[in-house]
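Report on the structure given below.
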Amino acid sequence: MVNNWQNGAESFIDAVSSGSAAPGGGAVAAISAASGCALTMMAISVTMKMKSTDVQSKKELNEALDEFILLRDSLKECAEKDADAYEDYIMAKKLPSGSREREEYVKNALAQCAKVPLETALKAVKTLQMTEEISPKIALVIKSDIECAKIMLRAAIACGVENIKANLPYIKETEFKEELERSIKYLGSFYEGVS
């Protein structure tokens, strides 16, 4: 029997492997981060149900869960935004060559192609930091899932950085380019040993 979640996972994997450039690495990074966040949420929920979990820990875990829900939903949106950004870039490239309108559209689309993976990576960092913070409160029986969540989040950050790097040579605005370069340096420490 195929569950609903399997249909969704299969659809996404088929779309990524279809030969179309979107969804691509940026969307996969966002889904990886959302999956890591979801694993953390599952570990929190399981821990909260256990009789051995003290009342104060349950309260703290429940409060954290509310934040994780927002992060998960935001990361899922990043997957869609990433695919949209690439589609906008392709549409911009189809405008008449040499026109001012085309230049402006291409510039804006390229900026989005770098901004979305940056947003994904930064949200993955926040999720990773929160996951590490609540990790000691998670029941030992579910610890492996928390460790998997951390790996998924680090991989998502690394993948987001690779997508920023891919777009960097095409960004002409000096200030924005420097901001992206600073972000790449900042993000690097969060995924050492993953890539």
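The values are calculated or read from the model by the stated rules, or taken from the named source; none is laboratory data. Note that the structure is a prediction, hence the values are computed from the model and not measured. Virtual Cβ from ideal backbone geometry, glycine too; neighbours counted across all protein chains shown.
Would you pick out the residues in segment 42-78 that are closer than 27 Å to Gly24 by Cα and among the β-branched types (Val, Ile, Thr)?
Residue satisfying the conditions is Ile69 alone.
Can you list residue pairs whose Cβ atoms sit under 9 Å apart, with the first residue in segment 87-102 being basic (Lys, Arg) and the second being loosely packed, with under 12 Cβ neighbours inside 10 Å? Count only pairs 6 or more apart in sequence or on different chains.
Arg102/Lys94; Arg102/Pro96
Do we find a residue being within 14 Å of Tyr186 (Cα to Cα), part of a helix (DSSP H, G or I), out of contact with any strand residue (DSSP E or B) (no Cβ under 8 Å at 6 or more places or on another chain) and not basic (Lys, Arg) anywhere in segment 138-157?
Residues of segment 138-157 that are within 14 Å of Tyr186 (Cα to Cα), as a first pass: 154, 157.
Narrowing the set further to residues that are part of a helix (DSSP H, G or I) leaves 154, 157.
Now narrow it down to the ones that are out of contact with any strand residue (DSSP E or B) (no Cβ under 8 Å at 6 or more places or on another chain): 154, 157.
This time we only want the ones that are not basic (Lys, Arg), so: 157.
Yes - at least one qualifying residue is present in segment 138-157.
Scan segment 33-58 residue by residue and report those that are within 11 Å of Lys137 (Cα to Cα) and of a type in the set (Lys, Arg). Lay out the reasoning, then the answer.
First, the residues of segment 33-58 that are within 11 Å of Lys137 (Cα to Cα): 43-44, 47-48, 53-54, 56-58.
Matches in segment 33-58: Lys58 only.
Tell me which of these Glu101 doesn't satisfy, since it passes every other one: (1) of a type outside the set (Val, Ile, Thr); (2) at pLDDT 90 or above; (3) more than 23 Å from Ala156 (Cβ to Cβ).
(2)
When residues of segment 80-106 are filtered for being of a type in the set (D, E, K, R) and either closer than 28 Å to Val28 by Cβ or touching a Pro at 6+ places or on another chain (Cβ under 7 Å) (or both), how many remain?
Filtering segment 80-106 down to residues of a type in the set (D, E, K, R) leaves 80-82, 84, 87-88, 93-94, 100-104.
Still in the list and also either closer than 28 Å to Val28 by Cβ or touching a Pro at 6+ places or on another chain (Cβ under 7 Å) (or both): 80-82, 84, 87-88, 93-94, 102.
The number of residues fulfilling the criteria is 9.
Ile134 fails exactly one of the following numbered conditions: (1) modelled with pLDDT under 95; (2) surrounded by fewer than 19 Cβ atoms within 10 Å (Cβ to Cβ); (3) more than 24 Å from Lys177 (Cβ to Cβ). What is the number of that condition?
(2)
Filter segment 37-56 down to residues that are free of Cβ contacts under 8 Å to residues at least 24 places away in the same chain and over 21 Å from Ala124 (Cβ atoms) and give me whichever is surrounded by the most Cβ atoms within 10 Å (Cβ to Cβ). Write out each step before concluding.
The initial filter retains those residues of segment 37-56 that are free of Cβ contacts under 8 Å to residues at least 24 places away in the same chain, namely 45, 48-49, 51, 54-56.
Checking the rest, the ones that are also over 21 Å from Ala124 (Cβ atoms) come to 48-49, 51, 54-56.
Numbers: Met48: 18, Lys49: 10, Lys51: 4, Asp54: 9, Val55: 7, Gln56: 9.
Step by step, filter segment 37-56, then rank; the result is Met48.
Just to be sure I understand, how many residues within segment 159-170 are out of contact with any Gly (no Cβ under 8 Å at 6 or more places or on another chain) and crowded, with 21+ Cβ neighbours inside 10 Å?
2
Do we have any residue at all in segment 140-163 that's of a type outside the set (Asp, Glu), modelled with pLDDT under 90 and more than 19 Å from the chain's Cα centre (by Cα)? Please lay out each step first, then the result.
In the first step, residues of segment 140-163 are kept if they are of a type outside the set (Asp, Glu); the result is 140-144, 146, 148-161, 163.
Filter once more, so that each one left must be modelled with pLDDT under 90: none.
No, the conditions are met nowhere in segment 140-163.
Could you tell me which numbered condition Ala79 fails, if it satisfies all but one of (1) under 25 Å from Pro136 (Cα atoms); (2) within 18 Å of the chain's Cα centre (by Cα)?
For Ala79, the exception is condition (1).
Which members of segment 49-76 meet the condition of being of a type in the set (A, V, I, L, M) and within 23 Å of the chain's Cα centre (by Cα)? Steps first, answer last, please.
Taking segment 49-76 and keeping what is of a type in the set (A, V, I, L, M), we get 50, 55, 61, 64-65, 69-71, 75.
If the condition is that a residue be of a type in the set (A, V, I, L, M) and within 23 Å of the chain's Cα centre (by Cα), then Leu61, Ala64, Leu65, Ile69, Leu70, Leu71, Leu75 are the ones that fit.
Pick from Ala166, Ala124: which is hydrophobic (A, V, I, L, M, F, W, C), assigned to a helix (DSSP H, G or I) and within 13 Å of Gly36 (Cβ to Cβ)?
Working: Ala166 fails: within 13 Å of Gly36 (Cβ to Cβ).
Step by step, each of Ala166, Ala124 is checked, and only Ala124 is hydrophobic (A, V, I, L, M, F, W, C), assigned to a helix (DSSP H, G or I) and within 13 Å of Gly36 (Cβ to Cβ).
Return the residues of segment 98-125 that are more than 20 Å from Ile171 (Cβ to Cβ) and surrounded by fewer than 17 Cβ atoms within 10 Å (Cβ to Cβ); say none if nothing qualifies. Before the answer, list the steps.
Taking segment 98-125 as the starting set, the residues that turn out to be more than 20 Å from Ile171 (Cβ to Cβ) are 98-99, 123-125.
Listed by number, the residues that qualify are Gly98, Ser99.
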